[in-house]
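The values are calculated or read from the model by the stated rules, or taken from the named source; none is laboratory data. Predicted, not measured: the structure shown is a model, and the values here were computed from it. Note: ideal-geometry Cβ built from the backbone for every residue, glycine included; neighbour counts use all protein chains shown.
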Amino acid sequence: MKFAPLAATLVLAIAPSFASAEDGSLRADEAIIQQQVMSDKRAVFANNMNLTEAESKKFWPIYDEYELELKKNTDKLIELLNIYARDYDTFTDDQAKSALKVRMQLQTERLALKHKYTRKVAEVLPPKKALRFAQIESRVSHIIQGDIMSIVPLAR
């Protein structure tokens with residue numbers, strides 16, 4: 001499995017936020033790069049799931065539904081990171097308390113989505129392929145989340 005382009009693209013998606021959080025084109029850039037990351041992620045699954053035609057017909061609609069739900073969560077995370085970037089030099093304890101609450105809620109929601117959609121995949125694919133889905137999703141998710149958090153400066 002090749003994840004490097006996916007991870008590198010995501011770093012580029014978030015890094016500009018800390019360089020210029022008030023840039024008017026930032027939102028458009030984020031959307032374009034996020035779409036590329038989603039496309040790259042889909043390619044990783046396509047290249048590694050080894051689905052038959054019949055399995056593909058069942059799997060891809062579930063995958064697309066999952067990605068749509070996951071994008072909502074990711075959009076909220078990007079919004080939170082943009083606020084953090086914008087206010088980084090003046091971030092208050094109250095803002096930190098609020099950001100921590102939102103971040104933990106987003107992690108909880110993300111995990112719930114993984115559980116929900118892994119169960120759906122397990123209903124339509126053989127057990128080993130359902131496990132493969134869960135493994136690939138975990139690997140990709142950890143890379144993406146790790147790359148995001150590695151470039152976010154620690155709170156002062």
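Brief remarks follow.
- Matching entry among Leu154, Leu100 (being over 30 Å from Asn48 (Cα atoms) and not in a helix (DSSP H, G or I)): Leu154
Residue by residue, here is whether (1) touching a Phe, Trp or Tyr at 6+ places or on another chain (Cβ under 6 Å); (2) within 25 Å of Pro153 (Cβ to Cβ) holds:
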residue: Ile33; (1), (2): no, yes
residue: Glu53; (1), (2): no, no
residue: Trp60; (1), (2): no, no
residue: Leu77; (1), (2): no, yes
residue: Asn82; (1), (2): no, yes
residue: Ala85; (1), (2): yes, yes
residue: Lys101; (1), (2): no, yes
residue: Gln107; (1), (2): no, yes
residue: Lys114; (1), (2): no, no
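- Applying the condition of being of a type in the set (Val, Ile, Thr) and modelled with pLDDT of 95 or more to region 45-75 and asking which residue is surrounded by the most Cβ atoms within 10 Å (Cβ to Cβ) yields Ile62.
- Positions within region 122-139 being assigned to a helix (DSSP H, G or I), under 15 Å from Asn48 (Cα atoms) and of a type in the set (A, V, I, L, M), in sequence order: Ala130, Leu131, Ala134, Ile136
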